[in-house]
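Read through the structure below, which is laid out as structure tokens, and then see the notes.
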């Protein structure tokens, strides 16, 4: 079945460590996104990519990095520079240039910093 | 800048009650409006959308009308079920931009009791 797969579902990290969250899609979508979800704050955009080898910062990119070497994959690295990384991270994808706003989401990865 | 404001939750209703979740927005241009739903432990799913003023989006018994004069997109359902318990997010896309970026409200938790 087509969809978006995020892994791991749960991740624990010690302070000062980098961690990479995986996002893979087989929907043949050009655009991919990373959102962060915190209780009572909705979703905030971290990074997005509309095409392979290109990506743009969202509203809260500091302390995060991404790559887009393949159309299917858009991994997110949470670096030690991110001051408050404990959150629920959601990856999404959409057709490029599609202004209907329909994003397809993965099931999310919950990161906890110990 | 563009923004979305939703009513505070949680909203607690008995089964078969009428539901309204308020959503208002601030935007320049001609945004499209959306309601997404997040069931426990899952990512978000598109519930309904409206792309221009006076459009009504509907799905699974839920409805919302794009009201430009009041900048609102309130979600309604005539008779809720326990299975409707979830977090509901109102969102807008930024007009004619084709980036696919969405701005989300903070989410409203709905709890339906039998």
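Here, each number is a calculation from the coordinates, and none is a lab measurement. Quick caveat: nothing in here was measured; it's all calculated off a predicted structure. With ideal geometry, Cβ positions are generated from the backbone for all residues, glycine too; neighbour counts draw on all protein chains shown.
Overview of results
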item	result
Fluctuation leader among B:57, B:41, B:29 - chain B, Gaussian network, Cα springs under 10 angstrom	B:41
Number of partner chain Cβ atoms within 10 Å, mean per residue of B:35-46	5
D (Stokes-Einstein, µm²/s), Kirkwood Cα radius, chain B, 0.692 mPa s at 37 °C	233
Residue B:59-residue B:79 pseudo-label distance in nm [points 7 Å out on the Cα-to-Cβ vector]	2.3
Globularity ratio of segment A:1-68, using Cα Rg and 2.2 N^0.38 Å	1.20
Rg over Rh, two decimals, segment B:1-48 (C-alpha only, Kirkwood Rh)	1.02
Chain B: relative contact order as a whole-number percent, Cα under 8 Å and 6+ apart	37
For the protein assembly as shown, projected area of the alpha-carbon convex hull averaged over all directions, nm²	12.5
Segment A:5-80: relative contact order in percent, alpha carbon pairs under 8 Å with at least 6 residues between	32
For segment B:14-41 versus segment B:56-79, the gap between their alpha-carbon centres in whole angstrom	8
Enclosed volume per residue, in Å³, of the convex hull spanned by Cα atoms of chain A	99
Debye intensity ratio in log₁₀ form over the Cα atoms of segment A:57-114, taken at each q of 0.14 Å⁻¹	-0.48
